[in-house]
């Protein structure tokens with residue numbers, strides 16, 4: 001049985017697949033299997049994938065007959081097929097340093113309570129040219145390892161600090177025991193489902209962060225995150241996620257009110273790139289119709305203008 005199951009969910013990333021697979025197969029840690037999932041791609045991905053069918057590390061290749069419409073359904077499918085104790089979801093448009101697995105696996109061997117280990121993400125452009133370390137990872141400061149509950153309250157409550165799956169390793173057993181407030185809800189959240197997923201994983205043990213940028217996170221216009229930021233669905237989903245965090249007592253009612261007012265102020269006064277219908281939908285999700293939220297948002301706008309001069 002392999003120590004790690006590497007799941008590569010792909011949809012129309014034929015251009016990046018050779019780089020992705022090469023960076024997985026070239027890992028210094030070699031006790032792993034590779035599961036390739038294609039979600040009914042139309043760009044010639046199958047031709048690239050088939051080149052790897054006879055590779056001894058590739059245990060399964062699964063082609064969907066119809067597009068699933070959800071990356072999280074693909075995650076579930078891959079994890080269900082996985083035989084490893086640890087799971088690495090290596091997104092098909094990213095790549096990795098050769099020592100990513102070696103370094104992250106060591107954290108689980110060092111700490112039997114570790115359920116999640118992740119490293120810094122080096123953002124790259126479409127062609128793989130470095131842009132810089134993801135700002136969320138710069139903001140993690142001195143965090144190295146500790147309880148998941150502490151990590152959630154200090155970091156994951158406020159940002160998706162894991163950033164993307166390609167830089168993370170987690171225990172399969174933690175997935176099997178995701179809390180009821182996470183599973184199956186995370187699969188219905190467009191744009192922030194992974195954020196809720198990491199909260200569910202982290203809640204079950206210790207979390208380790210390695211500041212070395214061993215994950216190369218490609219940025220391009222067709223990224224799910226980019227698309228959802230433009231059409232507003234990600235903003236609506238984030239409102240739902242914070243509602244869950246407040247209900248589960250990860251954030252207080254006062255903190256929840258402040259978050260609602262801050263997002264309302266941004267949507268009302270700063271976001272100039274939205275059409276009226278999208279803005280109205282987002283404002284409704286963040287409770288802008290509530291008098292106290294509306295008032296606090298207006299106060300935040302006044303303060304913002306004052307300090308900007």
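Which pairs turn up if I take residues in region 124-136 that are assigned by TED's automatic domain parsing to the domain that holds residue 211 and look for partners that are surrounded by 15 or more Cβ atoms within 10 Å (Cβ to Cβ) and in a helix (DSSP H, G or I) with beta carbon separation below 8 Å, at least 6 apart in sequence or on another chain?
Listed pairs, sorted by first residue: 128/19.
Before we move on, is residue 129 closer than 24 Å to residue 85 by Cα and exposed (fewer than 13 other Cβ atoms within 10 Å of the Cβ)?
Answer is no for this residue.
Among the residues of region 137-169, which ones are farther than 27 Å from residue 235 by Cβ and either within 14 Å of the chain's Cα centre (by Cα) or not assigned by TED's automatic domain parsing to the domain that holds residue 80 (or both)?
Across region 137-169, the qualifying residue is only 169.
Pick out, from region 1-120, the strands (runs of 3 or more DSSP E) lying fully within it that include 2 or more residues that are at pLDDT 95 or above and either within 21 Å of the chain's Cα centre (by Cα) or not assigned by TED's automatic domain parsing to the domain that holds residue 174 (or both).
Once the strands (runs of 3 or more DSSP E) in region 1-120 are filtered for at least 2 residues that are at pLDDT 95 or above and either within 21 Å of the chain's Cα centre (by Cα) or not assigned by TED's automatic domain parsing to the domain that holds residue 174 (or both), what remains is 4-10, 32-38, 86-89.
The values are calculated or read from the model by the stated rules, or taken from the named source; none is laboratory data. No experiment lies behind these values; they were computed from the predicted model shown. Because the Cβ atoms are built from the backbone with ideal geometry, glycine has one as well, and the counts that use them run over all protein chains shown.
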